[in-house]
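The values are calculated or read from the model by the stated rules, or taken from the named source; none is laboratory data. On a predicted model such as this, the values are computed, not experimentally measured, just so you know. Positions of Cβ are generated from backbone atoms using ideal geometry, with glycine treated the same way; all protein chains shown enter the neighbour counts.
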Amino acid sequence: MIRPFSIVNKTYAWLDERTGIKRLVRRTLDEPIRGGARWSYVFGSALLLLFVIQALTGIFLTMYYVPSADHAHVSVAYIQKAVPGGALIRGLHYYGASGMVLLLIAHLTQTFVFGAYKKKRELLWIVGGVLFLLTLCFAFTGQLLPWDQEAYFGTKVGTSIAGEIPVVGHLQQRIILGGPDITSSTLSRFFMAHVFLLPLALGFLVLLHVYLFRHAGAAGPFDNREHRADRFYPKQLFKDSFFFLLVFVALVTVATLMPAALGPQAKPGSDFLARPAWYFLPLFQLLKYFPGRLTLIPTLLLPGFLFTLLFLLPFFDRRHERHPLRRPVATTALALVLIGSGSLVFLAKYQDKTNPEYNAKLQHQEELARIFLKAQFRPQEVGASAVRASSSAAGSLNSNAEPPKEFLATCALCHGDNGEGNDLGPPLQGVTAKPNRTRDDLLRILDNPPAYGLKDPMPVSFPDLSADDKRLIVDWLINLNKQDSPSLGE
Amino acid sequence: MKINLVRTTVKIPSYQSDPDLDELRDAQPPDSGGRAELAVSDERRSFLGLLTGLIGAGISGVLGITLGRFSIAPALSASNASEWIDVAPLAEIPEGKPTNRSLVVSQNAGWGHFSSDQSVWVVKKAEQLTVFSSVCPHLGCTITENAGGFGCVCHNSAWNGAGEKLSGPAPRGMDTLEHKVESNVVRVRYQNFKQGVAEKSVAS
């Protein structure tokens, strides 16, 4: 075939002479796919490409994100609400995590069903298993970074589980947290792991995984009846690309229609009903069935057993047979794990939905997060202006009294630590000057908010507050009476 | 273009044992004179290749535009002028002697509203008040007082007491800031100006 000898071809030839790129491209694209191109082989490439998307969006998110307990939440809110394209980029990264886990499950299932982990591919399989674990570590460390209620309490529960492991648990928990509790140090550690350590480890292992795969060659179909092969390019590459296009479109759609969750800033003392991401729900649900010392079964022993089984699988399953129907034990085991995990996820969701108390609490939390997300972005005061702002806020308070801890735990999330109000709730300073807000009124409001026409997100009742707690809160509130003329925005 | 009608598949012996794919792998594609049985239709190849390329370009395009906007837009929208800031009571400015005052300038910068210390020179001459930025219009060093008026130590630019350029690489006189006197307090709108150009203009 005669082609015009364009500048592109010339450049390519020049480059090839110095790099050998032609051979490399040829090797990559002409890889024979035994049995022909198939849709069932698309998951590995999709994982690789989604990882690239996660890396790209992640790198760009750090352009605005600040890994400090003081600024993490406001910087994520800034990305989500104020930066053009920020909601989409954060949405891609946020839902991309779920996408990674889904694709991992699909990839692992396909490899398992096709018996592609057998002889010659043992290392390939094991590296894949490590990649699975690393992906879960990514999800776990990434969860804390937005520093909202969900992030804080999710991490609290997760790291407490790590602390329950006998002998090493306590030490391990301290090392993970960087101290006895979740603080800004924890955030720094998780950030470091999430953006430097894990990507480095995962990147290296992905290269190894792809190398081992190319070295062993595609395993091909399990029935060995089709004696033919396609090259990777164009058929398989097209299938891979098309499937990834679907994944990408799905991610963009979800990120646009359901913006990535961001609730109000973490308030360590408040009560928050923490629920893990869906891929940790099977473990969460199992925790309910194993109380007390038996907790170790779902948190350590069962996952440990399953992953050991996974890693050792190619060593005790040494038969050449790859047809799933002629490997009844393996296939049944896989089906049991998948159906079992799926059922546990369903049960966890179902029980939360049908328990009126949990359901109400979860819906209330979601409502607060929605309101926070809708409120306009407010930049944080930093430096001298912050001192000015806080001193003028403090100047409006009559009493030197610290807010009671009951107020901090129950009310401060929406009304601010000093009753100054925020995106979620109105200020309470000078509230007694308003109609129907005498001391007795306030006490009755805490008994029955709807009776005073107070609607969502104000809770319908405060079951956790005793009569004494309510008196403490109200007595402190009525001393907030003196609200200065706004001296802030002079 | 000549279309080669060749099979899209290739026969290989048997997979009963664990076959080695090396032979297949090293086989040359048809356009480099390889074995015809490995040929893949050229037309199909270029059509699927085109589709694959389009998908890649589409995804890269969406990502590239979004990431570009994400990176650049906030940099362009940040505003430069401050609110009116108190500098000093008028009575504290001596006649004829340049007075240096520092002021706290707050600016929106991304997620925060930041404050930084900046300094200005206030000159009162025959009841005529001038407020100079202390940022050198050359490359942004800080202008200090000297015997003849003002100077910038970085590259030896010099100005007289009225801020007019005397010597050195600075392209213009010292930059004046918009000011006013309200209830006997000097107030100023702090701004940054373009450096290195002869005409004073607001940096944007």
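Results for (1) modelled with pLDDT under 90; (2) more than 19 Å from B:Ser119 (Cβ to Cβ); (3) among the hydrophobic types (A, V, I, L, M, F, W, C), shown as yes or no for each residue.
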| position | (1), (2), (3) |
| --- | --- |
| B:Arg172 | no, yes, no |
| B:Val185 | no, no, yes |
| B:Val188 | no, no, yes |
| B:Asn192 | yes, no, no |
| B:Ala203 | yes, no, yes |
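Please specify each residue of segment A:431-469 satisfying the condition of being in contact (Cβ under 8 Å) with a residue 60 or more places away in the chain and farther than 20 Å from A:Lys361 by Cα.
A:Asp469
Starting from segment B:152-167, keep only residues that are within 15 Å of B:Lys200 (Cβ to Cβ) and of a type in the set (D, E, K, R), then list their pairs with residues that are part of a loop (DSSP other than H, G, I, E, B) and modelled with pLDDT of 90 or more whose Cβ atoms are within a distance under 7 Å, requiring at least 6 positions of separation or different chains.
Going by the 7 Å Cβ cut-off, the qualifying pairs are B:Glu164/B:Gly173; B:Lys165/B:Arg172; B:Lys165/B:Gly173.
Using the structure shown, decide if A:Ala250 is among the aliphatic types (A, V, I, L, M), closer than 30 Å to A:Val113 by Cα and exposed (fewer than 14 other Cβ atoms within 10 Å of the Cβ).
Yes: the conditions hold for A:Ala250.
Does A:Ala250 satisfy being more than 12 Å from chain B (Cβ to nearest Cβ), small (Gly, Ala, Ser) and either in contact with a Lys or Arg (Cβ under 9 Å, 6 or more places away or on another chain) or within 20 Å of A:Met100 (Cα to Cα) (or both)?
Answer is yes for this residue.
Quick check on segment A:291-307. Is at least one of its residues part of a helix (DSSP H, G or I) and within 14 Å of chain B (Cβ to nearest Cβ)?
There is no residue in segment A:291-307 that is part of a helix (DSSP H, G or I) and within 14 Å of chain B (Cβ to nearest Cβ).
Across segment B:88-112, which residue is nearest to the chain's Cα centre (by Cα) among those that are in a loop (DSSP other than H, G, I, E, B) and within 14 Å of chain A (Cβ to nearest Cβ)?
Result: B:Gly110.
Within segment A:53-65, track down each residue that is more than 11 Å from chain B (Cβ to nearest Cβ) and not in a helix (DSSP H, G or I).
A:Thr62
Of the residues that make up segment A:341-352, is at least one loosely packed, with under 11 Cβ neighbours inside 10 Å and not acidic (Asp, Glu)?
No: segment A:341-352 contains no residue that is loosely packed, with under 11 Cβ neighbours inside 10 Å and not acidic (Asp, Glu).
Just the residues that are of a type in the set (A, V, I, L, M, F, W, C) and without any contact (Cβ under 8 Å) to a residue 60 or more places away in the chain, please, taken from segment A:421-430.
Listed by number, the list holds a single entry, A:Leu428.
With respect to A:Leu237, is the statement that it is at pLDDT 90 or above, touching a helix residue (DSSP H, G or I) at 6+ places or on another chain (Cβ under 8 Å), closer than 14 Å to A:Ala37 by Cβ and facing chain B (nearest Cβ under 9 Å) true?
When the stated conditions are applied, A:Leu237 passes them.
With respect to the numbered conditions (1) more than 21 Å from the chain's Cα centre (by Cα); (2) under 25 Å from A:Leu197 (Cα atoms), which one is the sole condition not fulfilled by A:Glu31?
(2)
Each row is one residue, and each column tells you yes or no for (1) over 20 Å from B:Gln107 (Cα atoms); (2) assigned by TED's automatic domain parsing to the domain that holds B:Lys97; (3) in a loop (DSSP other than H, G, I, E, B).
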residue: B:Gly140; (1), (2), (3): no, yes, yes
residue: B:Ile143; (1), (2), (3): yes, yes, no
residue: B:Gly151; (1), (2), (3): yes, yes, no
residue: B:Cys154; (1), (2), (3): yes, yes, yes
residue: B:Ala158; (1), (2), (3): yes, yes, no
residue: B:Pro171; (1), (2), (3): yes, yes, yes
residue: B:Met174; (1), (2), (3): yes, yes, yes
residue: B:Lys180; (1), (2), (3): yes, yes, no
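Please go through segment A:17-52 and pick out each residue that is out of contact with any strand residue (DSSP E or B) (no Cβ under 6 Å at 6 or more places or on another chain), of a type outside the set (D, E, K, R), assigned to a loop (DSSP other than H, G, I, E, B) and within 10 Å of chain B (Cβ to nearest Cβ).
A:Gly35
With the condition kept exactly as written, say whether any residue in segment A:53-68 is in contact with a strand residue (DSSP E or B) (Cβ under 6 Å, 6 or more places away or on another chain) and touching a residue at least 12 places away in the same chain (Cβ under 8 Å).
no
Within segment A:66-183, which helices (runs of 4 or more DSSP H) (wholly inside it) include 2 or more residues that are more than 14 Å from chain B (Cβ to nearest Cβ) and at negative phi?
The helices (runs of 4 or more DSSP H) meeting that bar are A:86-113, A:122-144, A:149-163, A:169-177.
Which ones in segment B:110-124 are in contact (Cβ under 8 Å) with a residue 24 or more places away in the chain and within 25 Å of B:Phe70 (Cα to Cα)?
Within segment B:110-124, just B:Gly110 meets the criteria.
Count, please, the residues in segment A:198-229 that happen to be within 7 Å of chain B (Cβ to nearest Cβ) and either under 22 Å from A:Ala97 (Cα atoms) or buried (at least 17 other Cβ atoms within 10 Å of the Cβ) (or both).
Within segment A:198-229, residues that are within 7 Å of chain B (Cβ to nearest Cβ) and either under 22 Å from A:Ala97 (Cα atoms) or buried (at least 17 other Cβ atoms within 10 Å of the Cβ) (or both) number 3.
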